[in-house]
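A.B. asks: Sharing a structure with you now.
A short reminder: the numbers here are calculations on the coordinates, not readings from a lab. Predicted model only: the values in this text are computed from it and were never measured. Cβ placement follows ideal geometry from the backbone for every residue including glycine, while neighbour counts extend to all protein chains displayed.
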Amino acid sequence: MQFPGPSPRLALLAAALLSACAAGGAPGDRGPRSATGIPVTGAFGAYLTGRFAAAETDTGTAADALLTALKADPDQPEVLNRAFLAALLDGRAEAQRLARRLPDNPAANLLLAGTDIQAGRWDKADQRVRALGRNGPVQVLQPTLLAWIQLGRGQPDQAMAVLRPLADQNRLRALNALHAALIADIANRPKEAERFARMAVADQPQPSWRLAVLSAGILQRAGKPQEAQRLLDQLLASGDDAALAATESNRRVLLAGRGVASPAEGWAEAYTALASALRAQGSADFALVLAQLAVRLRPGFAPALALTADALADQGHDEQALATLGRIAADDPLAPVIGLRRAMLLDKLDRTEEAVALLRRLAESYPSMPQASARLGDMLRRRNRFAEAAVAYDQALSRTAAGDRDWALLYARGIARERSGDGARAEADFLRALEIAPEQPYVLNYLGYTWAEQGKNLDRAKAMLLRATELRPQDGNIADSLGWVLFRLGDLPGAVTWLEKAVELESRNSVINDHLGDAYWAIGRQREARFQWSRAATMEPEPEELVKIAAKLKDGLPGYPASTAQR
């Protein structure tokens, strides 16, 4: 579900809530330490440690240190606010206690209101939500939160009255229409639930997994099982990772009960939707605050935990992201999708064999789905295990609904085959990919460069690469490929022009600098050639390429005698 970009007020509120603390992070040494790792003592030392840990998105250390500082100076407002936020982001029980001391902190009031919702204190929750005003995220969520409170009071008419006008005309109609549908569904008003569910889906050209699943459940209970199945079929046909959660075995679970069954779960749903939108728009820190509020309302809620893990991984905290995914139940409908994410994190942590084993298990468990095999191919290709990658892509292509019309998989398999020495079949994959998607610049580039390296089809390669540069004029790798094919064709001035542009665009690429060195040497600019080769040698080239560069620095470019004017 898409939301408009954060307003300046939302950005200011997020900054005030976070107070310089960034969310997430892999727990480190829990003892207060300075930035240098040297232990520090006293309240001020703990405070500095907590601020540094928060800035590094290490929520565990931040919470430990700031709670220590607060114990020493319990009445300092800034320390209190920072300690509360750190405790909330790290999932600490202390956050609840500290929230009661912060009547003006919006996140604290949302946390306390959530506790009131869980306890059925509807009037108290209503007071807290209304007291927040209509700034920042509350401006987006306040009507939805208040509608769920009305349902909790046993007043579905009043709940629907809050959301109905917003669902009909508000700029966030999909959000409000979905929650109107969920409330009507719980209130056993199937026709009204169906109408609002259709409205929510119609407002989204490509409904998210969550919107599709919730709407399908509503349609199922409204007596429209075929339409419910059709909505899940569309999700399955998308080819996205989420399609794994829409398979026949998972559908029975998805449609068996309500995806949202109480006001507390309704609040968690709303928090997670807004958190997802904020993360997509670059506000990952505040997204984590909302995700934590959602998980407190609905422990084990897979969408909120998955979002938390994604946000942590975005910030480089892969260990904590992996631990967060581990909190999702193995029998959750999202489990196969979570498995794909776990595999990617394991690989990033250099636990590649565990990742490979996990992806192979997923591929066996979902034999008609290509996602796990495609991810396995990508992972093995990144690890330079090209022959194994090609086999994984074979399996993925045999499972995709598009068959041999999936140009992206054909392109990936072509790379794996070419790098594993299977040049003929690699070329066939690239050509087939171009039949399907003739304007894909990266396929044009890869095949054109491959032909340049092989010294064949050079005129056709030149035409392909000229088109690729039109499609991606700021891509240094494509500029390099065009320069290299011109070099092979003997157009040395043209080669120099394009290779110089490539170096401007990709100055730290060893291959591009090496190519420019070759072109300079061939055109008689030997000093500049040696300079480029020397640069290339410092940019971590492949070992076999480093040997070739060293030979050129010693003896020049084979086949092009050195010009006596520039020796």
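A.B. asks: As I understand it, the value is the acute angle between the Cα axis of helix 458-471 and the longest principal axis of the Cα atoms of the chain; what does it come to in degrees, rounded to 10?
C.D. replies: So the inclination is approximately 30 degrees.
A.B. asks: Under 15 Å Cα-Cα from residue 124, which aspartates and glutamates qualify once same-chain neighbours fewer than 8 residues away are excluded?
C.D. replies: 116
A.B. asks: Hey, another quick one. With labels modelled as points extended 7 Å from the Cα through the Cβ direction, what inter-label distance (nm, one decimal) is found for residue 364 paired with residue 463?
C.D. replies: 5.0
A.B. asks: Can you give the extra length, in nm with one decimal, that the chain gains between residue 73 and residue 248 once fully stretched, where that is 0.36 nm per residue apart less the Cα-Cα distance?
C.D. replies: 57.3 nm
A.B. asks: A further question on this structure: Please give me, ordered by residue number, the trypsin sites (Lys or Arg not before Pro) of the stretch 470-543 that lie in loop per DSSP and have at most 15 other Cβ atoms within 10 Å.
C.D. replies: 508
A.B. asks: Measuring from label point to label point, each 7 Å out along Cα→Cβ, what is the residue 354 to residue 124 span in nm?
C.D. replies: 4.2
A.B. asks: Additional query: Kindly express, to the nearest 10 degrees and within the range 0 to 90, the angle between helix 407-419's C-alpha long axis and the longest C-alpha principal axis of the chain.
C.D. replies: Value to nearest ten degrees: 50.
A.B. asks: Could you tell me the relative contact order of the stretch 82-188? Use alpha-carbon pairs under 8 Å, at least six residues apart, and round to a whole percent.
C.D. replies: The normalised contact order for the stretch 82-188 reaches 14 percent.
A.B. asks: Percent of alpha carbon pairs in the stretch 306-445 separated by more than 23 Å?
C.D. replies: 40
A.B. asks: Magnitude of the Cβ-charge dipole of the stretch 311-352, K/R +1 and D/E -1, about the Cα centre, nearest 20 debye?
C.D. replies: 40
A.B. asks: Roughly what angle does helix 423-436 make with the longest principal axis of the chain, taking Cα atoms, 0 to 90 degrees, to the nearest 10?
C.D. replies: Helix 423-436 and the main axis of the chain meet at about 60 degrees.
A.B. asks: Once fully extended, how much extra length lies between residue 94 and residue 169, figured as 0.36 nm per residue of separation less the alpha-carbon to alpha-carbon distance?
C.D. replies: Roughly 22.9 nm would be gained on extension.
A.B. asks: What is the projected area of the convex hull of the Cα atoms of the stretch 94-244, averaged over all directions, in nm²?
C.D. replies: Over every viewing direction, the Cα hull of the stretch 94-244 projects on average to 10.3 nm².
A.B. asks: What spacing in nm lies between the two simple spin-label points modelled at residue 504 and residue 489, each 7 Å away from Cα in the Cβ direction?
C.D. replies: 2.1
A.B. asks: Could you give the length gained by full extension between residue 545 and residue 474, i.e. 0.36 nm per residue of separation minus their alpha carbon distance, to one decimal place?
C.D. replies: So the chain would gain 23.0 nm between residue 545 and residue 474.
A.B. asks: Looking at 193, 289, 245, which one has the Cα that reaches farthest to the positive end of the dipole of the stretch 185-330 (charges on Cβ: Lys, Arg +1; Asp, Glu -1)?
C.D. replies: Positive-most Cα among the choices belongs to 193.
A.B. asks: Would you mind pulling out the separation of the Cα centroids of the stretch 82-128 and the stretch 414-449, in Å?
C.D. replies: The stretch 82-128 and the stretch 414-449 have Cα centres separated by 56 Å.
A.B. asks: Once Rh for the stretch 341-408 is found with the Kirkwood sum over Cα pairs, what is the Stokes-Einstein diffusion coefficient at 20 °C and 1.002 mPa s, in µm²/s?
C.D. replies: So the translational diffusion coefficient is about 181 µm²/s.
A.B. asks: I've got another one for you. Report the semi-axes of the equivalent ellipsoid for the chain in whole Å, largest first, where each axis is √(5λ) for an eigenvalue λ of the Cα gyration tensor.
C.D. replies: They are 52, 32, 21 Å, listed largest first.
A.B. asks: Considering only DSSP states other than H, G, I, E and B, which GluC sites (Glu not before Pro) in the stretch 414-480 qualify as loop sites with at most 12 other Cβ atoms within 10 Å?
C.D. replies: When the GluC sites (Glu not before Pro) of the stretch 414-480 are filtered for loop state and at most 12 Cβ neighbours within 10 Å, 439 remain.
A.B. asks: Kirkwood hydrodynamic radius (Cα pairs, Å) of the stretch 113-162?
C.D. replies: Value: 10.8 Å, from the Cα pair sum.
A.B. asks: Treating the beta-carbon of each Lys and Arg as +1 and of each Asp and Glu as -1, no other charges, what is the dipole magnitude of the stretch 142-220 about its Cα centre, to the nearest 20 debye?
C.D. replies: In debye, rounded to 20, the stretch 142-220 gives about 60.
A.B. asks: Something else now. With charges only on Cβ, +1 for K and R and -1 for D and E, what is the dipole size of the chain about its Cα centre, in debye, rounded to 20?
C.D. replies: Roughly 1000 debye for the chain.
A.B. asks: Given contacts defined as C-alpha pairs under 8 Å and at least six residues apart, what's the relative contact order of the chain, whole-number percent?
C.D. replies: 7
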